[in-house]
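The values are calculated or read from the model by the stated rules, or taken from the named source; none is laboratory data. Here the structure is a predicted model, which means the values were calculated and not measured. Reconstructed Cβ throughout: ideal geometry from the backbone, glycine too, with neighbour counts over all protein chains shown. Surface accessibility is based on the protein's heavy atoms, side chains included, excluding ligands, DNA and RNA. Shrake-Rupley method; radii C 1.70, N 1.55, O 1.52, S 1.80 Å.
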Amino acid sequence: MTEDIYNLVKKLFPICRSITGDGVRETLQTIKEIIPLDIKEVPSGTKVFDWTVPDEWNVRDAYVKDESGKRIIDFKKCNLHLIGYSVPFEGRMSLAELKEHLYTLPEQPELIPYVTSYYKKHWGFCLKHNQYKALKEGTYEVKIDSSLKQGRLTYGELVIEGQSEKEIFLSTYICHPSMANNELSGLAVTAYLAKYLLSKKQTLNYTYRIIFVPETIGALTYLSLHKDHLKKNVIAGYVVTCTGLEGPFSYVHTRAENTLVDRVTIHVLRHSKKETRLYDFLSRGSDERQYNSPGIDLPVGSLMRTIYGGYPEYHTSGDNLELVTAQALKESLETYKLCLEVIEKNHTYVATVFGEPMLSKYRFYHTVSTLETGRNAKEADLRNILAYCDGNHDLLWIADKINRPVWGLFGLVDSLAEKGLISKVNHG
Amino acid sequence: MTEDIYNLVKKLFPICRSITGDGVRETLQTIKEIIPLDIKEVPSGTKVFDWTVPDEWNVRDAYVKDESGKRIIDFKKCNLHLIGYSVPFEGRMSLAELKEHLYTLPEQPELIPYVTSYYKKHWGFCLKHNQYKALKEGTYEVKIDSSLKQGRLTYGELVIEGQSEKEIFLSTYICHPSMANNELSGLAVTAYLAKYLLSKKQTLNYTYRIIFVPETIGALTYLSLHKDHLKKNVIAGYVVTCTGLEGPFSYVHTRAENTLVDRVTIHVLRHSKKETRLYDFLSRGSDERQYNSPGIDLPVGSLMRTIYGGYPEYHTSGDNLELVTAQALKESLETYKLCLEVIEKNHTYVATVFGEPMLSKYRFYHTVSTLETGRNAKEADLRNILAYCDGNHDLLWIADKINRPVWGLFGLVDSLAEKGLISKVNHG
Amino acid sequence: MTEDIYNLVKKLFPICRSITGDGVRETLQTIKEIIPLDIKEVPSGTKVFDWTVPDEWNVRDAYVKDESGKRIIDFKKCNLHLIGYSVPFEGRMSLAELKEHLYTLPEQPELIPYVTSYYKKHWGFCLKHNQYKALKEGTYEVKIDSSLKQGRLTYGELVIEGQSEKEIFLSTYICHPSMANNELSGLAVTAYLAKYLLSKKQTLNYTYRIIFVPETIGALTYLSLHKDHLKKNVIAGYVVTCTGLEGPFSYVHTRAENTLVDRVTIHVLRHSKKETRLYDFLSRGSDERQYNSPGIDLPVGSLMRTIYGGYPEYHTSGDNLELVTAQALKESLETYKLCLEVIEKNHTYVATVFGEPMLSKYRFYHTVSTLETGRNAKEADLRNILAYCDGNHDLLWIADKINRPVWGLFGLVDSLAEKGLISKVNHG
């Protein structure tokens, strides 16, 4: 499966995505080959909270030609060349006039920047600063064969029903053109995480709601349609993004801090001994901004590798297929799986007998007591689990208390529950 | 205005104040030239909680003469020479008898100490230890031409009404004879702070209650008359004292700790980059003792420069006009003004739209999104204010969260409120 | 009295105790010579929560003889030689067969281990590893003249009634054979602590419930009989054990943490400047396991010297009369007495007058105020006690706040209460 995730990134890389348009549709269709996605559309002009769904944008071609007629900037070679949501344009102009529409990165002169102008009518091209500097005086021919008209905003949704109505919410975004880590890594990890959850559907405790949306306007659109349901049911969530680099695992906390998803993720990272960077909510950068906003208040964090903005190729043409590795994608997927497993099994139990049970009766325990049996670590874990299963502390709390990875306790807990020595508390 | 405060200190310096008497009246009349003060009196014998207002004390003259008839200790030269509340006395005595009534500071032999005996009938003189050591055997003539009889305790009060019934309480004391830092600096800063508040009366949110009282018995008297009103309305307060030295800003917390006035003052001192010393309530030394006492429970702190007792001239003749500087008085006044401004504007807001508003619509924000716009600090502040305006956190909390001086946020907050994106929460 | 405690340990040392049997009865009778103990019995077969009271075990004789007929392992020489609850047995066997029933400590080859098999029918002998290694091939004669039959579990109880129904609970165990520190030190200190409490019966505020029980099964038996009463009344408790070594004072917290007994014990140890080791509840090892278990939830800690398992002779024949000292026993007793005194006197008071009282009126205070009187530490303590007697903070909290041993405040507090300046709050 390791190569599968990388191959999905590779397949999606050339598509020109934006917050609307055929690139989004093609992207979602590609994901639908892996998981059963509901693809939904919302018309341009729909009010979503303080925003309005914009016109749909599509591009057939866009270029700048020099006097010799040579395409010196060519959308077909790299879709980052064209500013996102550039209006249609055709004309001839001097270098000075052209330059008012050119965007570069003087400090990274060999990279093409990623620039958008979704809500203000504008056009422009992005290019390497070195190329920009070499441009000669002359007359340039500009053509942007784009369309910007009443259409639809497109997103994908998959709900996997577990035993509980309570939901785990996963959100990833699908609006960036050819950039591999931000955004395709997140999208691909989410797809394969969804596939994994589908394979375990029979045993899932929680319901999983997984969405693929254009950033900001897509998240807001989804919230405007499902706000009340989400507020009622979502107990934890992640924005899945930037999962393709081999850098440290990075976690952006929920606004409320110390929520379940914060506690789980930090526990998982600590006990799986990953190099880790923890960020508070001030470092947020993606749709957790919307999900955690006042009045919405969903406890949604974001688990990444190197954080967005933390690697020099971020939002440039350097964020390409060579930057992302199959190994990183796989580790990110596995870590997300472990986090979800912990959420699934993190119940609160209460002891059913007064005092310590007679553990030797249940074959949990030694029968002849020596100095050595007193030092048995597994028996100590058993005693500690029983001591703290008081109906007020979840397993995660207990695991933190006794400094064990919570997944190391699941077996013992299941045995204790099976023997009837503890029972699950329904915090309903 | 800088010189004005110092000049007030200078003008008040020669007056012989005590907890009652004409010195208090003259002091309050002098302040009344600056602000419209209500001067009130309470008769001797009035019960105030566990105390009784004492007889009124006045002094015409007091001295010790040596055998040659020379005034060797003379109240008219320095009012600290006479113990506060010394009873009338006239007599001749040996050096040994006299010494039972003399007070000095052996470790600061060139300073006259400040001593009182308000509630036990007593008389005595204070002098430099060096003079004391040089006294020769012989017969001394002592005269204390004081009166101690049924009279009144005098205090001043100014209430400046703001829009809210909730009150900010400022208290300073007026019972020390010629000492410049403790107490005249506090009195003068309070007078000019009151003058400043009067000049802003039209825009004040809170009502300001400002009192000039004799320490302890005056504060208790005021509390006994206004306890219920104060308990109902006061949300923050300061005892203003020791504001005349150029030492570090010193803050004594309220008993309850972490109250509004504690949070505001610490925030102001931290962000205005003053050298600061924070003291807990155990270091209290003035009328905050009464205001914070159990059953009274007013959240009153005290903001000083070098704390009382923290400078060697404290409660001696060394606490004079040369110790106090116009610059220190001005800085103290400015800092108090900033604290009050923060209290005035420290509201709690709640966002009025779900999700982030579309900030570019309101001209708060960039329209073309590049790497650079993503790093704009002012836009980050805006997003953060909106994220934490959830109706539960006041601006001070938000400012502390994002590590900005709260006064740097007032402009943004006003703009957001004006656009209707946030609204004030009435914690009523 | 110092020698008395040690002599009690010495007297009890030779008795062969176990969780049932005549050794327990003899032990309790010996204690009854010191304090009026109720000795109670519960029949074998009684269900106690998840456990069952086992058959009663008694031993007349037990040995292993070599081919020459010499007793090479002899219960009569040291009762640790026989595994606790060894079933009756008689037979001859080869060295190899015998070895399946021998227990040693290879790393402490000169010590006999302490081993039990209460609930699984088994027999065996414990011996020094050096002796074990020297055993020769041959036929050995084994005899265990023990009885294991329907009988009774025996424990002792003493309730000393104070003015309040609220109880302090003291528990010590009586089921180990000849080991001096673990367990006789605890038993002896408890007996003399009870004797001390009886001597102060007239002045006791709380009721004291003191039990001498076999570990685990005895504690559970007691809980099964008195659970509801204990849960209603016990406000603090200790398991008294391992009080005979001169090592550091060691305290195992209650499960709930920061309960009264935790606060008191830590305060006492800190201010009496004892070398101290604090352990959280994870280090528990005796009946605090049962008392703190979910559903029982008694706030019971354990104050020891060197913790069980923290000294190399623990649970071996090295834990003998030479290890324990009279001095250590006395210090432990004194420390327990101080802890109980603090619990007794740790009330919550509320000031009865508004503002500070006029302390000089009550002769608590100076009358002539000088710089020196302002620095008087006892007067500062008085002011601080009054400031924090707000009905919400107990004396222990106040003592911690002002960093004084709470017993240094009792005199001042009693005086203030006598003068009517503070009154006790009934947290009923």
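Take B:LEU298 and tell me if it is more than 14 Å from chain C (Cβ to nearest Cβ) and of a type in the set (A, V, I, L, M).
It is false that B:LEU298 is more than 14 Å from chain C (Cβ to nearest Cβ) and of a type in the set (A, V, I, L, M).
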Output the number of the condition that B:ILE296 fails; it satisfies all remaining conditions of (1) of a type in the set (A, V, I, L, M); (2) in contact with a Phe, Trp or Tyr (Cβ under 7 Å, 6 or more places away or on another chain); (3) open to solvent by 10 Å² or more (accessible area, probe 1.4 Å). (3)
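Considering A:GLU257, A:GLU288, A:GLU275, which residue is within 14 Å of chain B (Cβ to nearest Cβ), open to solvent by 10 Å² or more (accessible area, probe 1.4 Å) and of a type in the set (D, E, K, R)?
A:GLU257
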For a quick check of your reading: which strands (runs of 3 or more DSSP E) sit entirely within region B:1-117 and have at least 2 residues that are open to solvent by 40 Å² or more (accessible area, probe 1.4 Å) and either within 14 Å of chain C (Cβ to nearest Cβ) or among the β-branched types (Val, Ile, Thr) (or both)? none
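When you scan region B:119-137, do you find a residue that is of a type in the set (Ser, Thr, Tyr), within 14 Å of chain C (Cβ to nearest Cβ) and either under 15 Å from B:CYS78 (Cα atoms) or buried (at least 17 other Cβ atoms within 10 Å of the Cβ) (or both), even just one? Step through it out loud before you land on a result.
Our first condition is that a residue be of a type in the set (Ser, Thr, Tyr); within region B:119-137, this holds for B:119, B:132.
Subsequent filtering for residues that are within 14 Å of chain C (Cβ to nearest Cβ) retains B:119.
Keeping just the survivors that are either under 15 Å from B:CYS78 (Cα atoms) or buried (at least 17 other Cβ atoms within 10 Å of the Cβ) (or both) gives B:119.
Yes - at least one qualifying residue is present in region B:119-137.
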All but one of (1) away from every other protein chain (no Cβ under 12 Å); (2) under 18 Å from A:VAL189 (Cβ atoms) hold for A:GLU215, so report the exception by its number. (1)
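Residue-by-condition table, conditions (1) polar (S, T, N, Q); (2) within 26 Å of C:TYR85 (Cβ to Cβ); (3) within 13 Å of chain C (Cβ to nearest Cβ):
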| site | (1), (2), (3) |
| --- | --- |
| A:GLU372 | no, yes, yes |
| A:ARG383 | no, yes, yes |
| A:TYR388 | no, no, yes |
| A:LEU395 | no, no, no |
| A:LYS401 | no, no, yes |
| A:PRO405 | no, no, no |
| A:PHE410 | no, no, no |
| A:ILE422 | no, no, yes |
Of the conditions (1) away from chain A (no Cβ under 14 Å); (2) in contact with a Pro (Cβ under 8 Å, 6 or more places away or on another chain), B:VAL350 clears all except one; give me its number. (1)
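Could you say which residue among B:LEU225, B:LEU269 is among the hydrophobic types (A, V, I, L, M, F, W, C), open to solvent by 40 Å² or more (accessible area, probe 1.4 Å) and more than 15 Å from the chain's Cα centre (by Cα)? Explain how you work it out, then say what you get.
Working: B:LEU269 fails: open to solvent by 40 Å² or more (accessible area, probe 1.4 Å).
So the residue among B:LEU225, B:LEU269 that is among the hydrophobic types (A, V, I, L, M, F, W, C), open to solvent by 40 Å² or more (accessible area, probe 1.4 Å) and more than 15 Å from the chain's Cα centre (by Cα) is B:LEU225.
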Residues (over 15 Å from B:LEU135 (Cα atoms) and among the aromatic types (Phe, Trp, Tyr)) located in region B:83-113: B:TYR85, B:PHE89
Filtered residue count, region A:166-217, keeping only those that are open to solvent by 20 Å² or more (accessible area, probe 1.4 Å) and among the hydroxyl-bearing types (Ser, Thr, Tyr): 5
Counting only residues that are among the β-branched types (Val, Ile, Thr) and surrounded by 16 or more Cβ atoms within 10 Å (Cβ to Cβ), which one in region A:138-163 is nearest to A:GLN202 (Cα to Cα)? A:ILE160
List every residue pair whose Cβ atoms lie under 6 Å apart, where the two residues are 6 or more positions apart in sequence or sit on different chains, the first residue falls within region A:238-256 and is in contact (Cβ under 8 Å) with a residue 60 or more places away in the chain and in a loop (DSSP other than H, G, I, E, B), and the second residue, located anywhere, is open to solvent by 10 Å² or more (accessible area, probe 1.4 Å) and of a type in the set (Val, Ile, Thr). A:LEU245/A:THR306; A:GLU246/A:THR325; A:GLY247/A:THR306
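Within region B:259-277, does at least one residue satisfy the condition of being small (Gly, Ala, Ser) and outside any helix (DSSP H, G or I)?
Our first condition is that a residue be small (Gly, Ala, Ser); within region B:259-277, this holds for B:272.
Within this subset, residues satisfying the condition of being outside any helix (DSSP H, G or I) are B:272.
Checking region B:259-277: at least one residue is small (Gly, Ala, Ser) and outside any helix (DSSP H, G or I).
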Failed item, numbered, when B:SER171 is tested on (1) away from chain C (no Cβ under 14 Å); (2) over 27 Å from B:CYS78 (Cβ atoms); (3) under 16 Å from the mean Cα position of the chain (by Cα): (1)
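Could you grab me the full set of residues in region A:75-97 that are farther than 23 Å from A:PRO14 by Cβ and touching a Ser or Thr at 6+ places or on another chain (Cβ under 9 Å)? Show your work before the answer.
Of all residues in region A:75-97, those farther than 23 Å from A:PRO14 by Cβ come to A:87, A:89-97.
Within region A:75-97, A:VAL87, A:PHE89, A:ARG92, A:MET93, A:SER94, A:LEU95 qualify.
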